[in-house]
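The values are calculated or read from the model by the stated rules, or taken from the named source; none is laboratory data. Bear in mind the structure is a predicted one, so any value in this text is a computation, not a measurement. For neighbour counting, all protein chains shown are included, and Cβ atoms are generated from backbone atoms with ideal geometry for every residue, glycine included.
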Amino acid sequence: MELKHLRAFVTLAEELHFGRAAERLGIAQPPLSLQIQALEAGLGVQLFERNRRHVGLTDAGRLFLPEARATLAQAERARHTAQRAARGELGRLDIGFTGSAPFNTAMPQIISRFRRQWAELRISLRELSTTEQFRELTDGTLDIGFVRPGQPSEAPGLTLQMVLQEPLFIVLPADHRLAGREALALAELADQPFILHPRHIGTGLYDKVVGLCAAAGFTPRVTLEAHQMSTIVGLAAAGIGVSIVPEAMRRIQVEGARFIPIADPFATMVLAVAHRSDDRRPAVQHFLTEVTAFGSG
């Protein structure tokens, strides 16, 4: 049973005249007759009573008509759905983000604008380290990642689009001897215990901090490692050590935490959006358009 046979049947059932039905379908009468015959042969029933002067539906034809219409309607919905999905209007995007990304205005604004523009595209959000995001992007289990990149060798086959350059801040307890300062040079932290991410979960911030400290003439004495950025801030507030975090982390307002700007113009960290370089799917391109719009807004 072919859709063209069903269309021929429904049209003839509505017109009950071969000439008018053929005209509606844009074909000649003989091909229409052949399509009806093929449908009846495939079903093994007669759908029309016809002679030279009359065309009418049989009982089987009358009962078959609503089913044929429903099948054609479902086929049209399926066609429409497939076309919308191909245009990136339907489907799903799996998006990863580092722990500090939601506290910045960039990621929430980009996602909010994207959802308004493409309301029927479902979004799944997962907090992952930059290293984990790179791995899942490469494996195809993630579509987009909000990352803090470090070594270029981390991301073969991926394209990174910078979202913003974010200042880094020192976080330390409010009762620390340096907590009253308006800004600090990193060299003033040379004797302090540091709390950092483990390097294996993402080299970006770790390498940036180590590099800034090296430029200031010392190697940070890392006494504790923590995976979550909010945990690092909480431990610093409790007096366990000091750390260096993106400015966005100031928004979590942990009691007892003091955030101080770094007196170094190079103390910044990139937040970027990563995707597979060969991923040309319209839904991904729609998201990247919103990233670009944010950057130029």
(message) With the structure loaded, tell me whether ASP207 is among the charged types (D, E, K, R) and not in a helix (DSSP H, G or I) or whether it fails that test.
(response) no
(request) Pull up the range 264-290, narrow it to residues that are over 10 Å from the mean Cα position of the chain (by Cα) and assigned to a strand (DSSP E or B), then point me to the one that is farthest from ILE111 (Cα to Cα). (result) THR268
(request) Answer yes if at least one residue in the range 245-253 is in a loop (DSSP other than H, G, I, E, B), surrounded by fewer than 21 Cβ atoms within 10 Å (Cβ to Cβ) and in contact (Cβ under 8 Å) with a residue 40 or more places away in the chain, and no otherwise. (result) no
(message) Looking at VAL171, VAL210, can you tell me which residue is among the hydrophobic types (A, V, I, L, M, F, W, C) and either buried (at least 20 other Cβ atoms within 10 Å of the Cβ) or under 30 Å from PHE287 (Cβ atoms) (or both)?
(response) VAL171
(message) I want to confirm something. Restricting to the range 55-84 and keeping residues that are in contact (Cβ under 8 Å) with a residue 24 or more places away in the chain and more than 49 Å from the chain's Cα centre (by Cα), which single residue is surrounded by the fewest Cβ atoms within 10 Å (Cβ to Cβ)?
(response) GLY56
(message) If I go through the range 96-106 residue by residue, how many of them are under 17 Å from ASP143 (Cα atoms) and modelled with pLDDT of 90 or more?
(response) 2
(message) Let me spell it out: the conditions are (1) among the polar types (S, T, N, Q); (2) assigned by TED's automatic domain parsing to the domain that holds PHE146; (3) farther than 30 Å from LEU128 by Cβ, and THR81 meets all of them except one. Which number is the exception?
(response) (2)
(request) Check ARG87, ARG52 and return the single one that is out of contact with any Asp or Glu (no Cβ under 6 Å at 6 or more places or on another chain), under 18 Å from GLN285 (Cβ atoms) and surrounded by fewer than 14 Cβ atoms within 10 Å (Cβ to Cβ). (result) ARG87
(request) Considering (1) of a type outside the set (D, E, K, R); (2) touching a Leu at 6+ places or on another chain (Cβ under 6 Å); (3) modelled with pLDDT of 90 or more, say which one MET269 fails and leave the rest. (result) (3)
(request) Out of the residues in the range 154-184 that are within 29 Å of the chain's Cα centre (by Cα) and not in a strand (DSSP E or B), state the one that is modelled with the highest pLDDT. (result) GLY157
(message) Need a quick list: strands (runs of 3 or more DSSP E) entirely within the range 1-105 having at least 3 residues that are among the hydrophobic types (A, V, I, L, M, F, W, C).
(response) 91-97
(request) Hey, can you tell me all the residues within the range 13-40 that are crowded, with 17+ Cβ neighbours inside 10 Å and within 47 Å of the chain's Cα centre (by Cα)? (result) LEU25, GLN35, LEU39
(message) Taking the condition of being modelled with pLDDT of 90 or more, under 13 Å from the mean Cα position of the chain (by Cα) and surrounded by fewer than 13 Cβ atoms within 10 Å (Cβ to Cβ), how many residues in the range 107-121 meet it?
(response) 2
(request) Give me a count of the residues in the range 139-153 that are at pLDDT 90 or above and surrounded by 15 or more Cβ atoms within 10 Å (Cβ to Cβ). (result) 6
(request) Mind counting the residues in the range 122-147 that are under 9 Å from the mean Cα position of the chain (by Cα) and not in a strand (DSSP E or B)? (result) 2
(message) Checking the condition in contact with a strand residue (DSSP E or B) (Cβ under 7 Å, 6 or more places away or on another chain), surrounded by 14 or more Cβ atoms within 10 Å (Cβ to Cβ), more than 30 Å from SER277 (Cα to Cα) and without any contact (Cβ under 8 Å) to a residue 60 or more places away in the chain, which residue from LEU224, LEU178 passes?
(response) LEU224
(request) Take the range 206-234 and flag every residue that is charged (D, E, K, R) and more than 17 Å from VAL171 (Cβ to Cβ). (result) ASP207
